[in-house]
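Visitor: Structure incoming, see below.
Taken together, the values in this text are just the output of simple stated rules run on the coordinates, not laboratory data. Keep in mind that what you see is a predicted model, and the values were worked out from it rather than measured. Glycine gets a Cβ as well: all are built from the backbone with ideal geometry, and neighbour counts include every protein chain shown.
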Amino acid sequence: MAIDLCNKSPDLVTERGPGSWAEAVPSEPALLDDLGTEQRDALNFAYRTTLSNVDPRFVAGDPAAWASDFGYALDRVAIRLDNRSNGELREQALRHPDPVMREQALYEYADRDHADAIELLEEAARTDTNRELRWDALWAIEKLGGATAVTTLQKFLTDDDPEIAEWAKLFISELQTGDPAFDGRPGLYTPGRTFDETIYLLIHCDLYVRLDESNTHWGKISLAPQGLARIYGQAHACPNVSTRERQLVIAKTISGLHKDGSPHCDNYLFRGFTDRTRRDRGNFFFESLVPRTFFKSGRADDPSQGVRQANIGFARYGTWHLEPKFQVREEAAIRYVRGRFQGWGHVNLSRIAGRPLEEVLTPGNGVLSTLHDPEVGPMTNAFILGTFKGKLNDWDGDGVIDLNSRNVYSTAEGEIDSDQDGIPDKAGQTCCDYTNLLP
Ligand SMILES: [Ca+2]
Ligand SMILES: [Ca+2]
């Protein structure tokens with residue numbers, strides 16, 4: 001799919017050796033007949049739709065259903081705005097002093113469809129000292145997929161870091177069955193917190209930038225999870241059992257934007273539908289529409305080119321998986337969530353053109369946008385879409401998985417709550433107000 005790394009070019013998919021499946025399948029492989037009806041149907045549908053992308057002679061019914069992915073269309077025509085050479089990327093992926101830049105180089109390299117991408121990702125996952133880079137590299141290996149991805153991920157099943165080992169197990173299971181798998185650690189719910197769960201999200205996104213009025217020139221920036229978190233903020237999904245099927249807070253914090261060192265908080269209340277016909281999971285489609293100060297400079301908290309109040313929309317959809325062993329308010333907790341998102345952005349091209357990536361991947365240096373505003377709409381030049389994953393982790397290293405220990409500065413309704421007591425700093429305020437920080 002367009003939003004994924006690699007495997008976007010039909011020619012390469014057919015030409016590249018997929019690797020040996022002999023070592024990649026479990027000793028007792030799942031037979032098609034053993035799969036549940038839904039799994040089988042999903043697999044068959046996925047297979048048919050994939051065939052139609054690889055070879056147009058295989059058509060899975062009405063093309064309006066399978067060939068309407070706008071990101072896929074853009075991906076085939078967009079030019080890369082990161083013009084580093086492949087050699088530079090390989091070098092920086094392993095040796096750049098900043099882990100965010102190392103990870104960005106890894107993802108950029110993987111997104112260029114090079115045959116040795118998994119090899120490079122494996123080396124980084126094995127040798128890097130940054131924990132997040134390591135699990136993000138494993139995720140990139142999953143995205144590349146195939147038998148080589150499975151055999152590579154298997155090498156991390158016994159990693160000293162239990163989260164690395166569990167991510168490896170989860171990604172392998174997704175590649176083999178479509179569903180995640182987890183280890184056997186116990187979980188801990190902390191009473192008295194605003195949210196029943198605080199799930200740290202890994203987000204990978206592609207920004208497709210409309211480069212001129214002709215609609216024939218498009219640029220692409222593929223952001224690795226840590227680079228995205230640096231620019232737009234690190235996101236946590238914060239479900240409460242009693243409301244999770246109809247509303248959700250995504251609490252986002254940008255570090256390094258406020259001069260006083262405090263986190264820049266930017267909370268999004270989503271609402272939507274959830275399908276609960278299966279007890280072990282929920283399929284959801286949620287949207288948010290939040291009032292925001294739009295910075296025409298293209299940089300959060302920078303009013304130098306003017307500001308405008310606007311309502312920003314965003315959509316996220318996917319599936320969460322429940323863990324019956326982790327009980328919260330007599331219900332199973334969400335152990336894992338994955339899905340896709342899309343929204344609109346404003347990229348100030350004059351701010352990024354010709355600059356080294358170190359000067360582009362900076363806190364707040366990109367803003368979400370909307371088309372539905374007379375001033376902001378015409379400035380909207382980026383179509384943002386991507387994938388996210390989040391699982392519960394043991395954050396303090398005591399061997400027990402922490403359901404809701406992460407600090408998120410939001411009330412249950414998405415208002416800023418700096419001291420996390422459930423009472424908003426200021427009623428109705430869902431994003432830090434830049435005017436409070438002016439000297
Ligand atoms: Ca713990
Ligand atoms: Ca408070």
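Visitor: Going by amide H atoms built from the backbone, whose H comes under 5 Å of the H on Ser405, apart from near neighbours?
Guide: Under 5 Å from the amide H of Ser405 lie the amide H atoms of Thr198, each far enough along the sequence or on another chain.
Visitor: Which one, Asn86, Asn283, Asn365, has the greatest fluctuation when you compute a Gaussian network model over the chain with C-alpha springs under 10 angstrom?
Guide: The residue with the greatest mean-square fluctuation here is Asn86.
Visitor: Name the long-range amide H neighbours of Val400: under 5 Å, sequence gap of 5 or more, or other chain; modelled H, no Pro or chain starts.
Guide: Long-range HN contacts for Val400: none found.
Visitor: Starting from the amide H of Phe273, placed 1.01 Å from N in the peptide plane, find each other amide H under 5 Å away whose residue is 5 or more places distant or on another chain.
Guide: Answer set, sorted by chain and number: Phe285.
Visitor: Considering the chain as a Gaussian network with a 10 Å cut-off on Cα pairs, which listed residue, Thr198, Thr362, Thr127, attains the greatest mean-square fluctuation?
Guide: Thr127
Visitor: Calculate one ³J(HN,Hα) per residue across segment 191-206 by plugging θ = phi - 60° into the Karplus curve 6.51 cos²θ - 1.76 cosθ + 1.60, and present them in order as whole Hz with x for glycine and proline.
Guide: x, x, 9, 4, 10, 5, 9, 10, 9, 6, 9, 9, 10, 10, 9, 10
Visitor: Continuing with the same structure: Cα extents of segment 270-414 along the three principal axes, largest first, in whole Å?
Guide: Here the Cα extents, ordered largest to smallest, are 52, 35, 27 Å.
Visitor: Let me ask you something else. Just to compare against my own numbers: the Cα pair-distance distribution for segment 77-209, 10 Å bins, whole % per bin, please.
Guide: Using 10 Å bins, I get a P(r) of 11, 38, 32, 15, 4, 0 for segment 77-209.
Visitor: Out of the chymotrypsin sites (Phe, Trp or Tyr not before Pro) in segment 370-439, which ones are loop residues according to DSSP with at most 16 other C-beta atoms within 10 Å?
Guide: Trp395
Visitor: Nearest 20 debye, what's the magnitude of the dipole of the chain about its Cα centre given +1 on Lys and Arg Cβ and -1 on Asp and Glu Cβ?
Guide: 860
Visitor: Give me the compactness ratio for the chain, meaning the Cα radius of gyration over 2.2 N^0.38 Å.
Guide: Normalised by 2.2 N^0.38 Å, the Cα Rg of the chain equals 0.97.
Visitor: Shifting gears a bit: Rounded to whole Hz and in sequence order, give me ³J(HN,Hα) for segment 145-161 from the Karplus expression 6.51 cos²θ - 1.76 cosθ + 1.60, θ = phi - 60°, writing x for Gly and Pro.
Guide: Coupling constants for segment 145-161: x, x, 5, 5, 4, 5, 5, 5, 4, 4, 5, 9, 5, 10, 4, 4, 8 Hz.
Visitor: Return a single number: how many Lys pairs in the chain, at a sequence separation of 8 or more or on separate chains, have alpha-carbon atoms below 13 angstrom apart.
Guide: Lysine pairs, 8 or more places apart or on different chains, close enough: 4.
Visitor: Moving to a separate point now. Could you list the square roots of 5 times each eigenvalue of the Cα gyration tensor of segment 187-436, that is, the equivalent ellipsoid semi-axes, sorted largest first and rounded to whole Å?
Guide: Equivalent ellipsoid semi-axes, largest first: 31, 20, 17 Å.
Visitor: When you have a sec, figure out the Kirkwood radius of segment 338-439 from all distinct Cα pair distances and drop it here in Å to one decimal?
Guide: Every distinct Cα pair counted, the radius reaches 17.4 Å.
Visitor: Right, something else. Using the scaling law 2.2 N^0.38 Å as the reference, what is the normalised Cα Rg of segment 286-364?
Guide: The value comes to 1.62.
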